[in-house]
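Derivation of every value follows stated rules applied to the coordinates shown; laboratory data play no part. Please read these numbers as outputs of a predicted model, since none were measured by experiment. Neighbour counts are summed over all protein chains in view; Cβ atoms, including those assigned to glycine, are modelled from backbone coordinates with ideal geometry.
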Amino acid sequence: MTSIGTGYDLSNSVFSPDGRNFQVEYAVKAVENGGTAIGIRCKDGVVLAVEKIITSKLLKPGANKRTATVDRHIGIVSAGLVPDGRHFVSRARDEASSWRSVYKGPIPVSALSNRLGSYVQAYTLYSSVRPFGVTAIVGGWDSEAELAVDGQVGSGPESGSGGKIQGAKTGGPGLYMIEPSGLYWGYYGAATGKGRQAAKAELEKLDLNSGNLSLLEGVKEAARIIYVAHEDSKDKDFELEMTWISSLDGPTKGRHEEVPKGLLEEAERAAKRALEGEDEEEDATKGDANDSERMEE
Amino acid sequence: MNHFPEAWGRPRDDIYGPYNPSYLQTTGPKTHTQSPAVTGTSVVAVKFNGGVAIAADNLASYGSLARFTDVKRLRKFGESAVIGFSGDVSDMQHIDRLLESIDIRENYSTHGNTMNAKNLHTYLSKVLYKRRSEFNPLWNHILVAGFDENKKPFLSSADLLGTTFSAPHLATGFGAHLAVPILRRLFPDEESIETASKEQAVAALRECLKVLWYRDARSLDKYSIAVISEAGIEIEEDQQIEAQSWAFAEAIKGYGAQVN
């Protein structure tokens, strides 16, 4: 450990001779220890899920939420330092409200992610601050319907298009992941935190880019993936926290909400069943292998 | 020679008379926010057994000009309250955006204790009072309809001075003179309010709006009506005043062309 930074990691915003910024890399390490967080972009909505590690039995179950709402239509989950995540959410809410005061409408998910990316990146530039110890997943639904401007009282001219483009297709699901460096990409499926490798492997199996996965299937898959990702830290208790944003004609009507208790429990039961099934399969294949070994004997 | 530099290069007072300084810009306070420009007229509301009904026409007047005829002056707050605005329409839009931001922030907490109509009325009355204390009033008279913390129907008013008043039936503007007496006749006491059905309340409001359409020159025959009950909020925004009869107009003497 002593030689890895060789002096170039003592201050933020300092490059090493081979072009690395060690403080940012250490922030990524902080993220890699946090509970797994994932997001799935489905055809009719977005699911966000986080594995909330229970650090004490004295904490009230279901309290101390790790998912947060921004404006009405965007949700954020993060892995890493919880207070950093809180500040990140607070900034996101300020950005969304400032967008509204200027444009009199909800901020698009892409625009919010862009602003948050810029904000996080600014924390890599100055020696007086440290980078964010979180990787955040921002998911939301941009309204596909024509929205009224905030405070609008009438319906505009009765004839003519009134400056509107007829039949323009707008809105839809959005999913972005913002890293401590400020780097952000849009994703079909995003995973971060301790179990990200396992989660990413599972997300890749879902064939998300074909855009066939429905939101309800997404909820089931998200629960299962968090359970799969938890396999490596089985000794710790955790709570599954899951939120979703559907299309306007879906269950949440374009709003970011917690997945209802009944559905959440159903998804958790299915996740546990799927895991047990896998174990049995593994046992069965091992058993076969043993048999064949014996056969050879 | 006049040695005061401000007089140099100007018409001489002894020849042309002194300049009338009232044509110059004064440095007094801004006053254009202290009178309304585009306005909405009366809002009427009445409680009934299990809820509140509230109505307003769809007009925004610019002075005596009927400028905008599809204006929604009943605004929903979340799923819990309806606010009826009379007075300045741009101030209404300002308050509407304020309420929007409050509603968004309300939903950030997941404890489920959301603002009810009574809380909202308290808040708005304080906003109005603060603004009048700054000599920059929000030029509105509002009615807040919904439920209080005990799930009882709630109806109260707040005006541009921050004055609040509550009654089982309320009306703003001209409606305070024309609609309230009708409502008082239909529902004379607390008991009649507690036994009134939703249909009776709605019919009473429609009757009030018809009278206002007959007698208030800043009103419109298109209106919106909202009913807040346990089932939620129903707003109908494109209502038309039906079964108009202007026969009474023949009997009115002393106005317009016919003076006697």
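Straight-distance candidates among the lysines for linking to A:LYS194, with alpha-carbon spacing under 21 Å and chain neighbours fewer than 8 residues away dropped: A:LYS29, A:LYS52, A:LYS65, A:LYS205, A:LYS220, A:LYS234, A:LYS236, A:LYS272.
Size of the protein assembly as shown from its Cα atoms: along the principal axes, largest to smallest, the extents are 125, 84, 51 Å.
Between the helical axis of B:89-106 and the longest alpha-carbon principal axis of chain B there is an angle of about 60 degrees. Any chance you could check the Cα centroid distance between segment A:241-281 and segment B:5-23 for me, in angstrom? Comparing the Cα centres of segment A:241-281 and segment B:5-23, I get a distance of 82 Å. From the square roots a ≥ b ≥ c of the eigenvalues of the alpha-carbon gyration tensor of chain B, which class results: rounded (a/c under 1.5), prolate (a/b over b/c), or oblate? Oblate. The angle between the Cα long axis of helix B:117-133 and the longest principal axis of the Cα atoms of chain B comes to about 10 degrees, rounded to the nearest 10. Give the shape of segment B:131-217 as rounded, prolate or oblate, defined through the alpha-carbon gyration tensor: a ≥ b ≥ c are the square roots of its eigenvalues, a/c under 1.5 means rounded, and otherwise the shape is prolate if a/b is larger than b/c and oblate if not. Taking the square roots of the gyration eigenvalues as a ≥ b ≥ c, segment B:131-217 is oblate. So which residue, out of B:SER80, B:SER224, B:SER101, gets the largest mean-square fluctuation from a GNM of chain B using Cα contacts under 10 Å as springs? Looking only at B:SER80, B:SER224, B:SER101, the largest GNM fluctuation is found for B:SER101.
Rounded to the nearest 20, the size of the Cβ-charge dipole of chain B about its Cα centre is 540 debye, with Lys and Arg at +1 and Asp and Glu at -1. Set Lys and Arg Cβ to +1 and Asp and Glu Cβ to -1, take the dipole of chain B about its Cα centre, and tell me which of B:ILE252, B:TRP139, B:ALA217 lies farthest positive. So the residue furthest toward the plus end is B:TRP139.
So for segment A:30-117, averaging the separation of alpha carbon pairs under 8 Å that are six or more residues apart and normalising by length, what relative contact order in percent results? This gives 24 percent for segment A:30-117.
By the gyration tensor of its Cα atoms, with a ≥ b ≥ c the square roots of the eigenvalues, what is the shape of segment A:22-285: rounded for a/c under 1.5, prolate for a/b over b/c, or oblate? Taking the square roots of the gyration eigenvalues as a ≥ b ≥ c, segment A:22-285 is oblate.
Here the Gaussian network model covers chain A, with springs between Cα atoms less than 10 Å apart; of A:GLY105, A:GLY277, A:GLY154, A:GLY154 fluctuates the most. Of B:SER229, B:SER197, B:SER86, the residue with the greatest mean-square motion in the GNM of chain B, using alpha carbon springs below 10 Å, is B:SER197. For B:LYS47, a cut-off of 24 angstrom between C-alpha atoms picks up these lysines, skipping any fewer than 8 places away in its own chain: B:LYS72, B:LYS76, B:LYS118, B:LYS126, B:LYS151, B:LYS152, B:LYS198, B:LYS210, B:LYS222. Around the Cα centre of chain A, unit charges on the Cβ atoms of Lys, Arg, Asp and Glu (plus for the first two, minus for the last two) sum to a dipole of about 1720 debye. A dipole drawn for segment A:22-285 from +1 and -1 charges on Cβ atoms has a positive end, and of A:ALA136, A:ILE226, A:VAL259 the residue lying farthest that way is A:ALA136. For chain B, averaging the sequence separation of C-alpha pairs within contact (under 8 Å, six or more residues apart) and dividing by the residue count gives a relative contact order of 24 percent. Once you reduce segment A:137-151 and segment B:66-99 to the center of their Cα atoms, the two points are 21 Å from each other. Just going by the charge dipole of chain B, with Lys and Arg at +1 and Asp and Glu at -1 on Cβ, which of B:LEU24, B:ALA66, B:ALA158 is farthest out on the positive end? Looking along the dipole axis, the top candidate is B:LEU24. Between 0 and 90 degrees, the angle of helix A:22-32 with respect to the longest Cα principal axis of chain A falls at about 70 degrees. Just want to confirm a number: the relative contact order over chain A, from Cα pairs under 8 angstrom separated by 6+ residues, in percent. Dividing the mean separation by the residue count of chain A yields 26 percent.
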